[in-house]
1. Residues that are farther than 21 Å from I569 by Cα, over 26 Å from the mean Cα position of the chain (by Cα) and among the β-branched types (V, I, T), at least 2 per element: which helices (runs of 4 or more DSSP H) completely within segment 627-746 meet that?
2. Can you give me the ranges of the helices (runs of 4 or more DSSP H) entirely in segment 332-439 with at least 1 residues that are within 20 Å of the chain's Cα centre (by Cα), farther than 24 Å from M263 by Cα and not aliphatic (A, V, I, L, M)?
3. Show the residue pairs meeting these rules: Cβ distance below 6 Å; 6+ apart or different chains; first residue within segment 242-263 and among the acidic types (D, E); second residue away from ligand 2 (no atom under 16 Å from the Cβ).
4. Do any strands (runs of 3 or more DSSP E) lying entirely in segment 81-150 carry at least 1 residues that are on the phi < 0 side of the Ramachandran plot, modelled with pLDDT of 95 or more and within 14 Å of ligand 1 (Cβ to nearest atom), and which ones are they?
5. When you scan segment 254-272, do you find a residue that is among the aromatic types (F, W, Y) and within 10 Å of ligand 1 (Cβ to nearest atom), even just one?
6. Please go through (1) crowded, with 18+ Cβ neighbours inside 10 Å; (2) under 30 Å from Q318 (Cα atoms); (3) free of Cβ contacts under 8 Å to residues at least 24 places away in the same chain for Y77 and return the number of the only condition it doesn't satisfy.
7. Specify which of the listed residues (L271, L325) is within 13 Å of ligand 2 (Cβ to nearest atom) and in contact with a strand residue (DSSP E or B) (Cβ under 9 Å, 6 or more places away or on another chain).
8. I need the full set of residues from segment 290-316 which are more than 18 Å from A226 (Cβ to Cβ), outside any strand (DSSP E or B) and either of a type outside the set (A, V, I, L, M, F, W, C) or more than 11 Å from ligand 2 (Cβ to nearest atom) (or both), in order please.
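The values are calculated or read from the model by the stated rules, or taken from the named source; none is laboratory data. Values in this document were obtained by computation on a predicted structure and should not be read as measured data. Positions of Cβ are generated from backbone atoms using ideal geometry, with glycine treated the same way; all protein chains shown enter the neighbour counts.
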Amino acid sequence: MRTDTGTTVRLEDYAPTLFDAKHVTLMISLHPKATVVRNSTDYAPRGVVDDPLVLEGDGLNLVAADLNGAPLDPRAYEASPDRFVLKNPPKKPFELTLTTIVAPEDNTELMGLYRSSGIYCTQCEAEGFRRITYAYDRPDVLSTYDVWMLADGPGEQVLLSNGNLVAEGQQDGRAYAQWHDPFPKPTYLFALVAGALGAVRDTFVTASGRRVALAIYVEPGKEARAGYAMDALKRSMAWDEERFGREYDLDVFNIVAVSDFNMGAMENKGLNVFNDRYVLADPAVATDLDYAGIEAVIAHEYFHNWTGNRITCRDWFQLCLKEGLTVFRDQEFTADVRSRGVKRVQDAKRLRLAQFREDASPLRHPVRPSTYDEISNLYTATVYEKGAELVRMIHTLIGEAAFRKSMDTYFDRFDGTAATVEDFLSCFAPLDVNAFMAWYQEPGTPKVAVEEDFADGVATITLTQHPAPSATVKPVPIRIAAFGDSGQLDLSAAKVKGAELDGDLLVLKGETASLTLRDQGAAPIVSVLRAFSAPVILERADAPARDIALLTRESDPFSIWDAAQRLLIGALLSAYAGDEPDLAATGEALSAVVTDDAHEAALRALLLEVPSRFTLIEAIGTDVDADKVDAAHRTVSTALGKAMQPALTALHDAPAPAADDVSAGAAGARALRNCALTLLAAAGDTARAAKQADEAGNMTDRLAALGALAGARADETDAALETFHDAFSHEALVLDKYFALQALRGDGDPKARVEGLMAHPAFSLSNPNRTRSLIGAFSQNVAAFHAADGSGYRFLAETAAKLDAQNPQVAARLLTAFGDVRRFDPARRSAAKAALEATFAKVKSSDVADIVRRLLSAN
Ligand code: TRP
Ligand code: ZN
């Protein structure tokens, strides 16, 4: 609660603690209002220490303090809710036992120990452990743990913590359990779960023959919905052995799904805790996208066991060390088990939509920042997604074999330690670490200009990098190809200046490089940034003819998709300017590609997506008119649907895969049919979508049909949404989809609709999933949030201020939508500023204060 307002943490101030905390014994007696936590920690001075021992707390209530088993004289220490100070600690190792009482039921922040639908659970990353007990609550202090837990009543038969189970039983009618975690870990990886839970169980035998008992705990009755997550877990475990040589290390691996959770999931050692939306699935209630999300998040958290847990972070500035690297690993997993080409397109799309957007906003920061005010606000697209891109560039620069060897070196050298980005990079021998570090330390998205020249049979391609403001020239891996009438040209014959070229990889190390091809009959069609080989923005003259040629000549899925996107962005810009977009040529070329079975269905589906409103806003740049953006998007969707009608009709008329087939292949086929449906609805064929909404055999087809109706502003929308609502009103995760559809609709008065739905019996601001699905979705409704009268800004700011007292992390996250405001006109900018200033006057949390301050300072 804003206890640390104004304290900026600086990387340069890093210093290790004065004491080690070698071992922690926790005895926890659970009670909704008064859980007693007895924490006995073995501390040892690191060398000669004359200073006090200072531990962190947050809202704690100390009831007893003992040193080496004897009560401490009250004059020997100072205890406040947020600090414990032992004034004259012993000069040799000692055991300090601190007993605190916490009230999990009153914990609405969902950090520390809280209850979710009657289940006790914890969330300690980044600084939640201090809300349970006093500790060195920082990632560079590693301890082994023994945890005793006593249930608060007969209902709590499942008692879980990190590591291996040592003992369990009954004592005076209360269940107890004892867990031991032999792997030293920082406080943020501690976890505890207790409650009445159902389980699915399985086993995994590791490459070296160790049997691991796997369990996924869910609300009783929902066990069948955890089957896919279990399957994904076993595949993740096998993949990490195969691709990275990493085996699991404990006898058990437990996952618990809870319904109140601030983010996606958490990698606590041996006891991952998940937002239930990333565990529970059944084709009747979950979409193909949900399945893919479950698979990726299960993998991500599992992969953290090595990248995050066995090797953790020295301090929170190094967050990308575990997050960027682990996202890279989960991306590679998805690429291997689904489709590499499609995954690359999805990741590039996501990076541009979330990270480039953040990088262009007042919330921009380096992947490895050097200061922060509130650590919870650093769990961003930049740390996660751009962090993964940096690891991917290293992989591209040194190649798979050297990358794998370097990762082995990293695991060998740093296992059991808390490491830094510099430690990590030092393992990648052929890499120019000094040059590459700039990628970690500088915010902003670099631009690479592409210039082409053709005369007398000689084609020259010049690439020039323009670093972001106040950034430097960096190594940029650029994959490149050229095509002539008879196919792909052999670039090994090209003359390259200012760079090296290896196959299709050109590494730009200085500011500029050029490539010259002689004896060309015509200007070649050049494809730059294949596979999205670097997180940069290309600056290149528009050439629709080139993009249409690339659609058929390129084999790289990203480049094909990117060419389609450029064509459609061109159409969006002309619609925004008030012209009728000419989609004849684009429609014809796209029709040919999307009906060509040589491409995967999932890729063809991506080609049919009209670039998002945010992509258009970025392309316009400044002084954007939000209403015109919305109109332009609908105009282009309609025109494209009309231009491609025969192809789209054929695609949607094609037989659908079995409704319960959740494989990537089936998902791709459905995505293609549903993208066709969406464009057909935009072009006026809403009856087709209404029919599908009625008859759909699974959630993917149902939701796609509803989205198509809503996007087309079809007359059938209200009735279809109400039918949907009534059929699934008992399914919380489906209601989230309903709330999001309602909040994203453009017709009528979206704000009034959202305000009405806040009174829905199933809606609650105290549940993060509900909040994100209704309020978060509203903030992405461009015309409504950026309404000219400022009503959208005020609504979001006021709702966030209301939530601030309950759950600051979620409140702060909602406000990040204001990051886009600088793209709009001055009137909107000042309305947004006024709304934020009014919020700032009301908020208490450091989370919200930090975001609002940054948003305002750069406005
Ligand atoms: N470390 C988690 C992950 O990326 C995410 C996380 C960080 C988190 N802080 C959290 C989850 C707070 C829930 C609450 O896998
Ligand atoms: Zn993570």
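1. On the way: elements: 645-653, 664-682, 686-695, 699-711, 717-727, 732-744.
Once the helices (runs of 4 or more DSSP H) in segment 627-746 are filtered for at least 2 residues that are farther than 21 Å from I569 by Cα, over 26 Å from the mean Cα position of the chain (by Cα) and among the β-branched types (V, I, T), what remains is 717-727.
2. Values: elements: 340-350, 387-398, 400-414, 421-425.
Correct list: 340-350, 387-398.
3. Listed by first residue and then by second, the contacts come to E247/T206; E247/A207; E247/E241; D251/N164; D260/L110; D260/S116; D260/N767.
4. Values: elements: 83-86, 94-102, 112-116, 119-123, 143-150.
The strands (runs of 3 or more DSSP E) meeting that bar are 112-116, 119-123.
5. yes
6. So the condition that Y77 fails would be (2).
7. Numbers: L271 fails: within 13 Å of ligand 2 (Cβ to nearest atom).
Only one candidate passes the filter, namely L325.
8. The initial filter retains those residues of segment 290-316 that are more than 18 Å from A226 (Cβ to Cβ), namely 303-316.
Adding the requirement that they be outside any strand (DSSP E or B) leaves 303-306, 308-310, 314-316.
H304, N305, W306, G308, N309, R310, R314, D315, W316, listed by residue number.
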